[in-house]
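What follows is a short report on a single structure.
The values are calculated or read from the model by the stated rules, or taken from the named source; none is laboratory data. Since the structure is predicted, the reported quantities are computational estimates derived from the model, not experimental observations. Please note: Cβ atoms are built from the backbone with ideal geometry, for glycine as well, and neighbour counts cover all protein chains shown. With ligands, DNA and RNA removed, areas are computed over all heavy atoms of the protein, side chains included. Shrake-Rupley method; radii C 1.70, N 1.55, O 1.52, S 1.80 Å.
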Amino acid sequence: MSDLAAAEIPLLDDSVKGCLDFKGRPVHRSNSGGWTSASFIIAVEVAERFAYYGISSNLITYLTGPLGLSSAAAAAQVNAWSGVATLLPLLGAFLADSFLGRYRTIILASLVYILGLGLLTLAATLPSVTTSGAPNADNVTLNTSSMLQYQVILFFFSLYLVAFGQGGHKPCVQAFGADQFDAEHPVECKAKSSFFNWWYFSIAAGILLTLLILNYIQENLSWVLGFAIPAIVMAVGLLVFVLGTMTYKFSVKGDKESPFVRIGRVFILAIRNRKIASSAIATEESFKQFKFLDKALLAPDSTMEQGKVCSMREVEEAKAVLRLAPIWATCLIYAVVFAQTSTLFTKQGAAMDRSITRGIEIPAATLQRNYNAQRIGTGIAVSAIAMVVAALVEMKRLQTAREHGLVDKPNVTVPMWVWWLVPQYSLCGLSDVLAIVGLQEFYYDQMPNELRSIGIALYLSILGVGSFLSSFLISVIETVTGKDGRDNWFADNLNRAHLDYFYWLLAALSTLGLALYVYSARSYIYARRSTS
């Protein structure tokens, strides 16, 4: 009997070290984590990406159509919203790491998301924006009624609720999915690599469905339905995620203190001890870069007294974050270019012939695509080429408009097929493959293990700040080029605008950004790769 019991012990003792189930009990590899759990998590992420792109990819069309904003104003609003949406993951990561945990953050973020999408649908149904006698209730124009003002306020309030929901989702879902695979187990470690591949593939499939189906519904059937479908999909995604709760593994943190607090304390102590001579720090405890942070290792009396100083691990964490700052800054120009795919590119396509057959047109936003990638620098270079191609295509469109006498007929479609935009969209997609995912992998890899969710949030903040910079740049150019009653570069009549000039400017800025990035990358000191 004793021999039989001994033989059974390895089979029964399959608990996963450092993980608990949803009730705080030890988890077993045989009935938790792995692909079963990851499938539930992938489902909610696909639903979230479907919902997010269902709003963002065609937002400028709704703003310039039913809400009646100018092209420049709409582009600025989209960029501002995108900027907020991609900066809020920093807040989401803070809440998850410091208070709520990833699972609860995902749940709360999903509820906020669904509320925002529901209110967005409600805003689109309000009768104040309906033009009487119009055959389609979605063909509306802006009026000055107080009811419309409430409708606009509700719309933007709802839009920013969606941004808050996305901010909680983005830094948590992918990391929580990866947590379902044990990096110390050879089989699960290999499955973890496959998980990232399937993660990206599933997201790309969800986005493609959005661009092919939802954009058509919004422009040709109903904006109300076009906003309601993402809300329904998001609700179903949350339900699927909750159904998987009993299978999830929850990682147990060795250090309960927030990484934000630890890193912040390093900077505070380093500033407090700034007048202490560096020679007071032992040579073997010094690091090559950012030596001013080493002063956080000292107490005010120049001793290494425990309890009043930071540990070397904490100082190294702070330096890891600081090392990424130059890469972050030099990628902002790329983020400005990235912002144009969902704003001015869409407006450019809307002015061209989008017909497939008689009576059927593809939505201008459908040409947007996303891919995965490896090399950030090459991606920045490709983005510069994309802007050159975009400028040449816009020059061709303006020439066609002049040749057909359509310069002062902005509502008449320019007889130039929309597929002329495919090269610039394809180049932007290739740029995404090389830069966007490259940035994500770089920030994930170079951050300390406990800070990798923050790394993802920092990568997203590049796109957020880039969107704000794009909005600021458009506003400045609109003001400068529209003086003395002249048509500015972003005039509502695109046949008198000069998007081509703006694209040339972005191409030049991208080239400058590439040079700065190469310089920063060459001087960057890489952290050792973690085995996990």
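With respect to the conditions (1) out of contact with any helix residue (DSSP H, G or I) (no Cβ under 8 Å at 6 or more places or on another chain); (2) outside any helix (DSSP H, G or I); (3) open to solvent by 40 Å² or more (accessible area, probe 1.4 Å); (4) not aliphatic (A, V, I, L, M), Ser39 falls short on a single one, namely (2). Quick one: is Gln180 open to solvent by less than 20 Å² (accessible area, probe 1.4 Å), polar (S, T, N, Q), at pLDDT 75 or above and outside any helix (DSSP H, G or I)? So Gln180 passes the test. For the stretch 76-101, filtering for residues that are buried (at least 24 other Cβ atoms within 10 Å of the Cβ) and over 17 Å from Ser56 (Cβ atoms) leaves 4.
Looking across the stretch 230-252, the residues that are among the β-branched types (Val, Ile, Thr) and either within 26 Å of Asn58 (Cα to Cα) or not in a loop (DSSP other than H, G, I, E, B) (or both) come down to Ile232, Val233, Val236, Val240, Val242, Thr245, Thr247. Would you please name the residue that is modelled with the lowest pLDDT, looking only at residues in the stretch 216-239 that are touching a Pro at 6+ places or on another chain (Cβ under 9 Å) and open to solvent by 40 Å² or more (accessible area, probe 1.4 Å)? That would be Glu219. Scanning the stretch 401-435 for residues that are touching a residue at least 12 places away in the same chain (Cβ under 8 Å) and in contact with a Leu (Cβ under 8 Å, 6 or more places away or on another chain), we see that the one that is most open to solvent (accessible area, probe 1.4 Å) is Pro410. Is at least one residue of the stretch 125-147 part of a helix (DSSP H, G or I) and modelled with pLDDT of 80 or more? Within the stretch 125-147, one or more residues are part of a helix (DSSP H, G or I) and modelled with pLDDT of 80 or more.
Can you name the residue in the stretch 253-267 that is open to solvent by 40 Å² or more (accessible area, probe 1.4 Å) and assigned to a helix (DSSP H, G or I) and, of all such residues, is modelled with the lowest pLDDT? Result: Phe260. Only one of the numbered conditions (1) over 21 Å from Ala508 (Cα atoms); (2) polar (S, T, N, Q); (3) open to solvent by 10 Å² or more (accessible area, probe 1.4 Å) is violated by Ser475, and that is (1).
Tell me whether the stretch 46-57 contains one or more residues that are open to solvent by less than 10 Å² (accessible area, probe 1.4 Å) and either touching a Lys or Arg at 6+ places or on another chain (Cβ under 6 Å) or under 28 Å from Val187 (Cα atoms) (or both). No, because not a single residue in the stretch 46-57 is open to solvent by less than 10 Å² (accessible area, probe 1.4 Å) and either touching a Lys or Arg at 6+ places or on another chain (Cβ under 6 Å) or under 28 Å from Val187 (Cα atoms) (or both).
Flag: Phe155 does not match the condition of being under 22 Å from Tyr53 (Cβ atoms), open to solvent by 50 Å² or more (accessible area, probe 1.4 Å) and modelled with pLDDT of 65 or more.
Every residue in the stretch 478-497 that is in contact with a Lys or Arg (Cβ under 7 Å, 6 or more places away or on another chain) and open to solvent by less than 60 Å² (accessible area, probe 1.4 Å), please. Quick ask: steps written out before the conclusion?
Here is the first cut: in the stretch 478-497, the ones in contact with a Lys or Arg (Cβ under 7 Å, 6 or more places away or on another chain) are 487, 494.
Correct list: Leu494 only.
Remark: pairs (first residue in the stretch 220-243, within 20 Å of Gly65 (Cα to Cα); second residue open to solvent by 40 Å² or more (accessible area, probe 1.4 Å) and at pLDDT below 95; Cβ separation under 6 Å; 6+ apart in sequence or on different chains) = Val224/Thr125. The selection criterion, being open to solvent by less than 70 Å² (accessible area, probe 1.4 Å), out of contact with any Ser or Thr (no Cβ under 6 Å at 6 or more places or on another chain), under 21 Å from Leu516 (Cα atoms) and modelled with pLDDT of 85 or more, does not hold for Val382. Phe195 fulfils the conditions (1) hydrophobic (A, V, I, L, M, F, W, C); (2) more than 13 Å from Ala38 (Cβ to Cβ); (3) surrounded by 17 or more Cβ atoms within 10 Å (Cβ to Cβ); (4) at pLDDT below 85 except for a single criterion, (2).
Return the residues of the stretch 464-522 that are of a type in the set (A, V, I, L, M), under 26 Å from Ala163 (Cα atoms) and touching a residue at least 24 places away in the same chain (Cβ under 8 Å); say none if nothing qualifies. Can you show your working first?
Narrowing the stretch 464-522 to residues of a type in the set (A, V, I, L, M): 465, 469, 473-474, 476-477, 480, 491, 494, 497, 499, 505-509, 512, 514-516, 518, 521.
Subset that is under 26 Å from Ala163 (Cα atoms): 465, 469, 473-474, 476.
The answer is Val465, Leu469, Leu473, Ile474.
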